[in-house]
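Colleague: This is the structure, below, for whatever I ask next.
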Amino acid sequence: MSEGTPMLHRYDGYISALFAREDAVLTETRAEMERGGLPGINVSASEGKLLHVLALAVGARRVLEIGTLGGYSATWIARALPAEGKLVSLELDAHHADVARRNLEAAGLAAQVEIRVGAAGDTLSQMLAEGEPPFDMIFIDADKDGYVEYLRKSMPLLREGGLLLGDNTLPDAVLDEAATSGTKRYNAAVAETVELVSILVPVLRINGVDGLTISVKRTSA
Ligand code: SAH
Ligand code: MG
């Protein structure tokens, strides 16, 4: 995959320059992540814009994110919300959550974003038990081995017509039939879920191709 990488990066540069230019807030968010020692495994600017467009398309007022890191994707998503909208973001690592809270505060988004610290599987179970209101969009982007569990627990939390998104779902492992990965299991489980209408969209990254699995929850009517 490395041979074509500089070329793919140029395509992404074209897209980002036209449609996903970072402002000072987003650039500073990444800088603050680096200063805090967080890994640079956030979505790209162009994928952030894709999340933003999808949230607008579904008229999202309530969004759930699983995997906050430093709040970079959260910023792209929360900026698509109306003033009274809400993004709930789940994060295991308390330090990541601290950096994200600082960044979202600086972005002027603190009132709209709530970060819940803990293992996402546990937090989701708690949300289900406590009757959390439904979400318009759910973005799964945490530990890949948890994806299938997050799918199962997200379904009852997603409104009909809502969007379920799974990140990093086109790893190199898809090219090797014998190779397994958490996101390959996720894609297979999504494909079998009759309540979902789905497609896997390739996404360009600095280090090659990856993907975002996009699903719409069917309406029962
Ligand atoms: N969505 C972010 C990137 C998330 S990286 C962005 O694009 O900006 C994945 C994050 O998931 C990391 O911060 C990691 O600490 C967190 N994570 C890992 N395992 C988790 C778990 N079991 N529950 C919740 N978060 C988890
Ligand atoms: Mg990701």
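Colleague: Among the listed pairs Lys153/Lys184; Lys49/Lys86; Lys49/Lys217, which are separated by more than 20 Å between their Cα atoms? Show your work: numbers first, answer last.
Modeller: Details: Lys153/Lys184 18 Å; Lys49/Lys86 18 Å; Lys49/Lys217 22 Å.
The pairs that break the limit, which is 20 Å between Cα atoms, are Lys49/Lys217.
Colleague: Additional query: What percentage of the solvent-accessible surface of the stretch 102-148, computed with a 1.4 Å probe over protein heavy atoms, is contributed by carbon and sulfur atoms?
Modeller: Values: 1050 of 2120 Å².
Here carbon and sulfur together make up 50 percent of the probe-accessible area.
Colleague: Over the Cα atoms of the chain, compute the convex hull volume and normalise it per residue, giving Å³.
Modeller: Details: hull volume 27.8 nm³, N = 221.
Cα convex hull per residue, to the nearest whole number: 126 Å³.
Colleague: Translational diffusion coefficient, Stokes-Einstein: compute it for the stretch 1-102 using the Kirkwood radius over C-alpha pairs as Rh, at 25 °C and 0.890 mPa s, and state it as an integer in µm² s⁻¹.
Modeller: Values: Rh = 14.5 Å.
In µm²/s, the coefficient is 169.
Colleague: I've got another one for you. Hey, how many Å between the Cα centroid of the stretch 78-130 and the Cα centroid of the stretch 23-76?
Modeller: 12 Å
Colleague: Return one whole number: the accessible area per residue of the chain in Å², for a 1.4 Å probe.
Modeller: Numbers: 10650 Å² over 221 residues.
Using a 1.4 Å probe on heavy atoms only, each residue of the chain averages 48 Å².
Colleague: Is the stretch 66-119 best put as rounded, prolate or oblate by its Cα gyration tensor, with a ≥ b ≥ c the root eigenvalues, rounded for a/c under 1.5, and otherwise prolate when a/b is larger than b/c, oblate when not?
Modeller: Details: a/c = 2.02, a/b = 1.57, b/c = 1.29.
It comes out prolate by the Cα gyration axes.
Colleague: Another question about this same structure. With all protein chains present, calculate the accessible area of Ser154 using a 1.4 Å probe and round the result to the nearest 10 Å².
Modeller: 0 Å²
Colleague: At what distance in nm do the modelled label points of Glu130 and Ser220 sit from each other, each positioned 7 Å from its Cα along Cα→Cβ?
Modeller: Spacing of the two 7 Å Cα→Cβ label points: 2.5 nm.
Colleague: So, one more: Sorted by accessible area (1.4 Å probe), largest first, how do Glu22, Glu28 line up?
Modeller: Details: Glu22 55, Glu28 90 Å².
I get Glu28, Glu22, largest accessible area first.
Colleague: Moving on. Can you tell me how much longer the chain between Ala179 and Leu56 gets when fully stretched, taken as 0.36 nm per residue apart minus their C-alpha distance, in nm with one decimal?
Modeller: Details: separation 123, 0.36 × 123 = 44.28 nm, distance 3.61 nm.
Value of the extension gain: 40.7 nm.
The values are calculated or read from the model by the stated rules, or taken from the named source; none is laboratory data. All figures in this text were calculated on a predicted structure; none of them were measured in a lab. Note: ideal-geometry Cβ built from the backbone for every residue, glycine included; neighbour counts use all protein chains shown. Note: areas computed on protein heavy atoms with side chains; ligands, DNA, RNA excluded. Shrake-Rupley method; radii C 1.70, N 1.55, O 1.52, S 1.80 Å.
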